[in-house]
Structures are given as structure tokens and as C-alpha cells.
Amino acid sequence: MIPLLLLARSFVRQNRWLLVAFVLWPFLLGAFTWSPQHGANKVEVMEIVQQEVFYGVAVVAFLASSAVYNEKRSRRIIAVLSKGISRGQYLCGLLLACSAFAAIYFAAVAGSVIWLVGTSAPTLAACVCLFAQGFSAAFWAAALSLLFAAFLHPFLAAAIAGSAAFAPLAMSKPNAVIGSAATLMNSAGGLATNLVWPALVAALLEGGAFTFVAIRIFASRDVTMNIE
């Protein structure tokens, strides 16, 4: 567990300025609707939150897809693996770092909602659901991105993962299992006060399955090849 935490901490430190921008983004958008005289209009807040949820999932997916590529390009991956870190631990460390990004971001989104709407029991319930469902959707997208990034270019991997996550939104009611990420994004963006448990559990289980397959594929890939 310690190697995973160290890998995740190193990755987060390398991308700390992106993380800062990530945290400030919900409050920057919220500032356009905030007024010191009265609370923000809930409909406007929901529209902003929906955009923030989509943005967060997309950025985390791209961050995950580019992680392995950047590590190969910098040759850092060779130094890390030479210290006795397995490839499975390496990928899990990257996924843990992306999950940390998602957790911090959606905590910031929830905080911005409380700032705009005010503290009440329904608002707090909606923020808890927003955090849990937004995080789960981002975890699903990050795991799928890592799977495809194990053998594809990061832009292509991110495009495939993004399409898989967002395409079900074209349907009026995405399937909670097949379109788990889309279902969670819809629920989180709508500030629902109840968790969509089938979609949440499906997203976490599918994310775990994606990670398992990614580890198996990554174990057979040549990480010493110069990709410049």
C-alpha cells in the first residue's frame, strides 16, 4: 500500500498546478451567479453543476490517459519499475492519483454549491450525492482511460473513454449498468438527493474490472522503447 501512496503523491505533486486550477474552477463559475444580497437561483446552479460534472469527468479521463505516455516519454517509468515496483502497483498508483484529483475536485464542487445555495438538509444531502456519484463516474472514466492508454495513444484512449462515458447521455434514460457513468453524471448534475445505487455499484465494479484488464495488458508492453 505504501508504494501506491508514494506513487500517487508524486503524481499529484507533479500536477499540483492543474489541481489548484481544478479546485478553483467551480468557485470561479459560481462567482457569476453569486450575490451577497440573496442566494443564487437553484436552476442556474444546477446548470453550472451539470457542466462542472461533465468537465471533471472529462479532465480526469484525459489525465489518466496521458499519465502512462508522459511517464514513458520522461523515462521516469523505468526508474520507478527498477526499484521493485510491479507494473500492477504502478498502474494502481496512477489510478489512485487520478481518483484523488476526482475526490478533491468534486469536494470543491460540493463546497461551491453550499456557498451558492446555502446550508440546509436537502442541500447537504444533494452535495453528498454529488460527491459520491461524481467521484464514481470519474473513477470509471479514469480506469477505462488507463486500460486503453496501456496500448493506444493517449488522445485516442481519452476519446474512446470519453465516448463510452458520454454517449449514453444521448438517451433519455441511460441504463444504470451499461451507462453507469452517464447515469451518475445526470444524477449528480441534477443535484439529486438520493444515490443511484445500481449505477454507483456498477461503476465501481466496472472500474475495478477495467483496471484488472489494464494491468494484464500493461504487463506485456515494452516500457523501455523511446516514444519521442
Subset of the range 47-60 (residues that are farther than 23 Å from ALA159 by Cβ and buried (at least 16 other Cβ atoms within 10 Å of the Cβ)): ILE48, VAL49
Candidates ARG73, ARG87 - the one that is surrounded by 14 or more Cβ atoms within 10 Å (Cβ to Cβ), of a type in the set (D, E, K, R), under 20 Å from LEU152 (Cβ atoms) and touching a residue at least 12 places away in the same chain (Cβ under 8 Å): ARG87
Selection from the range 38-69 of residues that are in contact (Cβ under 8 Å) with a residue 60 or more places away in the chain, farther than 23 Å from ALA132 by Cβ and assigned to a helix (DSSP H, G or I): SER65, SER66, ALA67, VAL68, TYR69
Filter pass, ALA157 being assigned to a helix (DSSP H, G or I), small (Gly, Ala, Ser), buried (at least 24 other Cβ atoms within 10 Å of the Cβ) and at pLDDT below 95: yes
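Got a number for residues in the range 12-32 being of a type in the set (Gly, Ala, Ser) and touching a residue at least 24 places away in the same chain (Cβ under 8 Å)?
Within the range 12-32, the subset of a type in the set (Gly, Ala, Ser) is 21, 30-31.
Pick out the ones that are also touching a residue at least 24 places away in the same chain (Cβ under 8 Å) and you get 30.
Qualifying residue count for the region: 1.
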Residues of the range 23-37 satisfying the condition of being assigned to a loop (DSSP other than H, G, I, E, B) and of a type outside the set (A, V, I, L, M, F, W, C): THR33, SER35, PRO36, GLN37
Filter result for the condition that a residue is aliphatic (A, V, I, L, M), under 29 Å from ASN186 (Cβ atoms), in contact with a Phe, Trp or Tyr (Cβ under 7 Å, 6 or more places away or on another chain) and crowded, with 20+ Cβ neighbours inside 10 Å, over LEU95, LEU7, LEU63, LEU19: LEU63
Residues satisfying the stated conditions in the range 72-87, i.e. in contact with a Leu (Cβ under 8 Å, 6 or more places away or on another chain) and in a helix (DSSP H, G or I): VAL80, ARG87
Boolean, MET171 is over 19 Å from ILE77 (Cα atoms), surrounded by 21 or more Cβ atoms within 10 Å (Cβ to Cβ), out of contact with any strand residue (DSSP E or B) (no Cβ under 7 Å at 6 or more places or on another chain) and of a type outside the set (Gly, Ala, Ser): no
Number of the exception - ASN41 against (1) closer than 21 Å to PRO122 by Cα; (2) surrounded by 21 or more Cβ atoms within 10 Å (Cβ to Cβ); (3) at pLDDT below 90: (2)
Breaking point among (1) surrounded by fewer than 24 Cβ atoms within 10 Å (Cβ to Cβ); (2) closer than 18 Å to PHE22 by Cα; (3) of a type outside the set (A, V, I, L, M, F, W, C), for THR123: (2)
Pairs, first buried (at least 16 other Cβ atoms within 10 Å of the Cβ) in the range 182-209, second of a type in the set (Val, Ile, Thr) and not in a helix (DSSP H, G or I), C-beta under 8 Å, six or more apart: THR183/VAL196; LEU184/VAL196; SER187/VAL196; ALA199/VAL177; ALA202/VAL177
Filter pass, ALA143 being in contact with a helix residue (DSSP H, G or I) (Cβ under 6 Å, 6 or more places away or on another chain) and crowded, with 19+ Cβ neighbours inside 10 Å: yes
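I'm trying to understand the selection: among the residues of the range 104-140, which are over 21 Å from SER187 (Cβ atoms) and either part of a helix (DSSP H, G or I) or in contact with a Pro (Cβ under 6 Å, 6 or more places away or on another chain) (or both)? Reasoning before the result, please.
Going through the range 104-140, the residues over 21 Å from SER187 (Cβ atoms) turn out to be 115, 118-119.
Listed by number, the list holds a single entry, TRP115.
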Given (1) of a type in the set (Phe, Trp, Tyr); (2) in contact (Cβ under 8 Å) with a residue 24 or more places away in the chain; (3) not in a helix (DSSP H, G or I), number of the condition PHE101 does not satisfy: (3)
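The values are calculated or read from the model by the stated rules, or taken from the named source; none is laboratory data. Owing to the predicted nature of the structure, the values given are computational and were not obtained by experimental measurement. In this analysis, Cβ positions are derived from the backbone assuming ideal geometry, glycine residues included, and neighbour counts consider all displayed protein chains.
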